[in-house]
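Below: one structure, written as structure tokens.
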Amino acid sequence: MSNASDFIIENGVLTKYVGPGGDVVIPEGVTKIGKYAFFEHGNSKRSTRIAIPKTVRSLDANWMEFGFEKTAYLLLFGELPTEDELDEFSKIL
């Protein structure tokens, strides 16, 4: 799961994810995900699942990088999942 220090957030805009990868839960209160926020630029830290809270109202173009094998994105615009729910989701993949 994510920590607050895994994100660079400016005025409600998530501008960059800097965490270790894996399951990412974007914090409540983020209203926008900025351009290139989830671009990895060749790093080994891949975000396998991303949970988006209902406070997010817009996603910039190119907010995440596509084309990586074994990468699944869980997009939610509601209540954030519990850790158990994320584990159940991973069993489906």
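Each reported figure results from applying straightforward, stated rules to the coordinates on display, with no laboratory input. In this text, all values refer to a predicted model and were calculated from it rather than measured experimentally.
Stretching the chain fully between K16 and F39 yields a gain of 7.5 nm (0.36 nm per residue, less the alpha carbon separation).
Residues whose amide H comes within less than 5 Å of that of D23, counting only those at least five positions distant or on another chain, are T48, R49 (H built at 1.01 Å from N in the peptide plane).
Multiply the residue separation of S5 and D87 by 0.36 nm, subtract the distance between their alpha-carbon atoms, and state the gained length in nm to one decimal.
That pair, S5 and D87, stretches by 27.2 nm at full extension.
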